[in-house]
Amino acid sequence: MSFAYVTSKLLEGFGLTCLIFAITLVFALPLGLLVAFCSMGKHRAVRYASKAFVWIIRSTPLMLQVIIVFYGPGLIWGTGSYLPRLTAVIVAFIINYAAYFSEIYRGGIESISKGQYEAGQVLGMTKRQIFFRITLLQVVKRIIPPMSNEIITLVKDTSLARIIAVKELIMMAQEFISANALIWPLFYSGVFYMVFCGGLTLFFGAIEKKLDYFSA
Amino acid sequence: MAILRVENIRKCFGKIEVLRGIGFSLGRGEVLSIIGSSGSGKTTLLRCLNFLETPDAGRILVNDRLLFDAAGLVEERDADVHRKRLHFGLVFQNFNLFPQYTALRNVTLAKELLAHGQADFRKDKTRILREIREEAVSLLDQVGLSDKADAYPHQLSGGQQQRVAIARALALHPDILCFDEPTSALDPEISGEVLLVIKGLASRHFTMVIVTHEMGFAREVSDRVLFLDDGLIAEEGGAEEIFGDPKSERLRSFLHSVIT
């Protein structure tokens, strides 16, 4: 079993890992913001609904959520037909990460001092202008550290997809155990995660540095 | 002619009545200081003038135009409230500069945003923005910070930040400029530079309402003084009357406690 062959198979799995990662981010980042606004909104029902959503999602394992999204609909409607495996994984991930992101957004938005809003108000700015021109960048600066933490966690959480047999990186590596009695490809798979997370760390570090010019 | 008339302002927070019927008027170019112990309602009154709090009762008129009437309170369009706010400027105790913008941009931002809404903005964009900028530069010069235009708030001392905040408030040409304890967050030795700027404005006959604990300053700069006690005006008069010849026992004991 050549190193090159193992690498090429692992890269295949890594591609799927990256796909789950990217699609989850693209949808969960804006969805999380929406949930955050709902949980801070005026309407009591909406506020409670979004808080309940966050509570349910954060208090159950992501692995279980993946299983429920995959098997649940087929069982409930008794059709026996399931979502495509990859779709189920991505849907579960988007829902799960939106809940976590919403709490990070909420914390960031609520940490901005009331004085910033009031200063904008007495200068005749509209709510919209205050959000986009004054608070947004301050919120971004404050949420970069928790966000980078959460996003780096997402990289490794993608390995939970194997619970419904989606052939991401870990599953690819594991197959060498059963098929070829080889354990080292599994160890080797760790390098892929490390390189990916290393890149993300550098990326977020660069953003933090870029926002270093002011203190909020 | 009175530039500002405030009539019977009342404000409750829950069950606590913070303002229990405040009325006064202010002439153009006059400086009014509001003094009183903490909890007497000074800051709340100032916040009512700036529409940061909505009074439960009373009226506010500027230049004989009704700006606020609790009795006829209707859902106003957002834009109207923003227009009305512009009659007043407010300098906060904690400056509240925008941290991500330079001193100069702090001064120009609000005015630029207002200019965006004007009909001729597209046509004359460069000229309008240049004028706003030039005025901001001159305002920073007036508060003694022409060399700090490109500094960010965290690079400035408290006194410098407060002076930027004053320039920022002046940029919108408010009819009445309000100060909420402008030196309370500053070291005593730094307070002086801010007070000097405010005195300069007084000598140029800006109309100002100043909530302050600096009695010497209030005596020097004010045309008139209101002494608030428990949500009511307990005594009012010229600066020399209030500080030199206080009538009520309450004011005498207040002055005694803050001055010694």
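The values are calculated or read from the model by the stated rules, or taken from the named source; none is laboratory data. No experiment lies behind these values; they were computed from the predicted model shown. We place every Cβ from the backbone using ideal geometry, glycine too, and count neighbours over all the protein chains shown.
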- line: Note on the range A:172-216: residues in contact with a Phe, Trp or Tyr (Cβ under 9 Å, 6 or more places away or on another chain), within 14 Å of chain B (Cβ to nearest Cβ) and part of a helix (DSSP H, G or I) are A:TYR213
- line: Considering residues that are surrounded by 15 or more Cβ atoms within 10 Å (Cβ to Cβ), under 27 Å from B:PRO188 (Cβ atoms) and out of contact with any Pro (no Cβ under 9 Å at 6 or more places or on another chain), the number found within the range B:221-249 is 12
- prompt: Regarding A:GLY107, is this residue of a type in the set (Gly, Ala, Ser), under 24 Å from A:PRO146 (Cα atoms) and either part of a helix (DSSP H, G or I) or within 9 Å of chain B (Cβ to nearest Cβ) (or both)?
  reply: yes
message: Restricting to the range B:4-52, name every residue that is hydroxyl-bearing (Ser, Thr, Tyr), free of Cβ contacts under 8 Å to residues at least 60 places away in the same chain and closer than 16 Å to B:ALA234 by Cβ.
response: B:SER38, B:THR44
- prompt: Quick one: which of A:VAL166, A:VAL155, A:VAL191 is surrounded by fewer than 19 Cβ atoms within 10 Å (Cβ to Cβ) and farther than 30 Å from B:ASP175 by Cα?
  reply: A:VAL191
- request: Considering each residue of the range B:112-146, count those that are within 14 Å of another protein chain (Cβ to nearest Cβ) and over 12 Å from B:ALA167 (Cα atoms), and give that number.
  value: 8
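So that you can scan it fast, the table gives a plain yes or no per residue for (1) in contact with a Gly (Cβ under 8 Å, 6 or more places away or on another chain); (2) assigned to a helix (DSSP H, G or I); (3) of a type in the set (D, E, K, R); (4) closer than 23 Å to A:PHE192 by Cβ:
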residue: A:TYR48; (1), (2), (3), (4): no, yes, no, no
residue: A:PHE70; (1), (2), (3), (4): no, yes, no, no
residue: A:ILE76; (1), (2), (3), (4): no, yes, no, no
residue: A:SER81; (1), (2), (3), (4): yes, no, no, no
residue: A:PHE93; (1), (2), (3), (4): no, yes, no, yes
residue: A:ASN96; (1), (2), (3), (4): no, yes, no, yes
residue: A:SER102; (1), (2), (3), (4): yes, yes, no, no
residue: A:GLY115; (1), (2), (3), (4): no, yes, no, no
message: Could you check the range A:34-71 and list, in sequence order, the residues that are within 20 Å of A:GLY107 (Cβ to Cβ) and of a type in the set (Val, Ile, Thr)?
response: A:VAL35, A:VAL46, A:VAL54, A:ILE56, A:ILE57
statement: Conditions (1) surrounded by fewer than 20 Cβ atoms within 10 Å (Cβ to Cβ); (2) over 16 Å from the mean Cα position of the chain (by Cα); (3) among the charged types (D, E, K, R) -> B:LYS11 fails only (1)
field: Residue list for the range B:178-229, filter: at positive phi and out of contact with any strand residue (DSSP E or B) (no Cβ under 6 Å at 6 or more places or on another chain)
entry: B:HIS205
query: Here are some conditions: (1) closer than 28 Å to B:GLU17 by Cα; (2) among the basic types (Lys, Arg); (3) at pLDDT below 90. B:ARG219 meets all but one. Which one does it not meet?
result: (1)
message: Just checking, does the range A:132-144 include any residue being away from chain B (no Cβ under 14 Å), of a type in the set (A, V, I, L, M), in contact (Cβ under 8 Å) with a residue 12 or more places away in the chain and surrounded by fewer than 16 Cβ atoms within 10 Å (Cβ to Cβ)?
response: no
- prompt: Can you pull out the residues in the range B:81-105 that are assigned to a helix (DSSP H, G or I), within 9 Å of chain A (Cβ to nearest Cβ) and buried (at least 20 other Cβ atoms within 10 Å of the Cβ)?
  reply: B:HIS82, B:ARG85
- request: Would you point out the residue of the range B:233-242, among those that are of a type outside the set (A, V, I, L, M) and within 22 Å of the chain's Cα centre (by Cα), that is nearest to B:VAL18 (Cα to Cα)?
  value: B:GLU235
message: Can you pull out every residue in the range B:177-192 that is in contact (Cβ under 8 Å) with a residue 40 or more places away in the chain and either in contact with a His (Cβ under 7 Å, 6 or more places away or on another chain) or surrounded by 19 or more Cβ atoms within 10 Å (Cβ to Cβ) (or both)?
response: B:LEU177, B:CYS178, B:PHE179, B:ASP180, B:GLU181, B:PRO182, B:SER184
- request: State which residue is farthest from the other protein chains (Cβ to nearest Cβ) when the search covers only the range A:145-155 and only residues that are in contact with a Ser or Thr (Cβ under 9 Å, 6 or more places away or on another chain) and of a type in the set (Val, Ile, Thr).
  value: A:VAL155
statement: Within the range A:110-123, of all residues that are surrounded by fewer than 22 Cβ atoms within 10 Å (Cβ to Cβ) and among the small types (Gly, Ala, Ser), the one nearest to the other protein chains (Cβ to nearest Cβ) is A:GLY115
query: Hey, any hits in the range B:20-32 for a residue that's surrounded by fewer than 22 Cβ atoms within 10 Å (Cβ to Cβ) and part of a helix (DSSP H, G or I)?
result: no
